[in-house]
1. Probe radius 1.4 Å, ligands and nucleic acids ignored: give me the carbon and sulfur share of the accessible area of segment 11-123 as a rounded percent.
2. Counting only the backbone N, which residues of segment 15-47 are under 18 Å from the spot 7 Å out from the Cα of residue 77 toward its beta-carbon?
3. Using 0.36 nm times the number of residues separating residue 122 and residue 40, minus their current alpha carbon distance, what extension gain do you get?
4. Accessible area per residue of the chain at 1.4 Å probe, in Å²?
5. What do you get for the angle between helix 11-20 and the principal long axis of the chain? Use alpha-carbon atoms, 0 to 90 degrees, nearest ten.
6. Calculate the dipole size of the chain relative to its Cα centre from +1 charges on Lys and Arg beta carbons and -1 charges on Asp and Glu beta carbons; express the result in debye to the nearest 20.
7. Among rounded, prolate and oblate, which fits the chain when a ≥ b ≥ c are the square roots of the eigenvalues of its C-alpha gyration tensor, a/c under 1.5 means rounded, and a/b larger than b/c means prolate?
8. How long is the gain from residue 59 to residue 111 if the chain were fully straight, where each residue apart is worth 0.36 nm and the alpha carbon distance is subtracted?
Amino acid sequence: MSEVTPLVEAPESVFREGLAAGELRFQRCRECSAAVFQPRVLCPGCGSDELGWERSSGLGTVYSTTAVRGRDGVHNVALIDLDEGFRMMSRVEGVDADRVVIGSRVEFAAVEQDGEPVAVFREVS
Ligand SMILES: [Zn+2]
């Protein structure tokens, strides 16, 4: 695999490096203070390119949940509202895919999947 080093690190790379370090990183706009996710170059709210990186507490609430049937069985797809004010698509582990409850409190964990760290969530009691 050949790689070119970019002059400015791509937002997606900063996010992935965070996952590899066990951190959930997100961006916050320095102009309008909006929490921004997915990683991007411009603030979707005000168009500013002044996006700084922050580390999330990893605590959030399940906004929506769907049980998806695939080749490997049933897995969960959920939208999680993080306490810092951004929403991300992920999955809730540690509970049956169709037993995830909207509104339940969850905590981020980085797990390895196909050799890549990915963000998942687990219910907290
Ligand atoms: Zn903004």
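1. On the way: 2810 of 6380 Å².
It is 44 percent, rounded to a whole number.
2. Answer for segment 15-47: 38.
3. Details: separation 82, 0.36 × 82 = 29.52 nm, distance 2.60 nm.
Residue separation times 0.36 nm, minus the Cα-Cα distance, leaves 26.9 nm.
4. Values: 7840 Å² over 125 residues.
Per-residue value: 63 Å².
5. For helix 11-20, the angle is close to 50 degrees.
6. Details: 13 positive and 21 negative charges, 71 e Å.
In total the dipole reaches around 340 debye.
7. Numbers: a/c = 2.22, a/b = 1.41, b/c = 1.58.
Oblate is the answer for the chain, as a/c is 1.5 or above yet b/c matches or exceeds a/b.
8. Working: separation 52, 0.36 × 52 = 18.72 nm, distance 1.61 nm.
Result for the pair: 17.1 nm of gain on full extension.
The values are calculated or read from the model by the stated rules, or taken from the named source; none is laboratory data. Note that the coordinates shown come from a computational prediction; the quantities given were computed from them, not determined experimentally. So basically every Cβ, Gly included, is an ideal-geometry build from the backbone, and we count neighbours across all protein chains shown. Accessible surface is based on the protein model in full, side chains and every heavy atom, while ligands, DNA and RNA are left aside. Shrake-Rupley method; radii C 1.70, N 1.55, O 1.52, S 1.80 Å.
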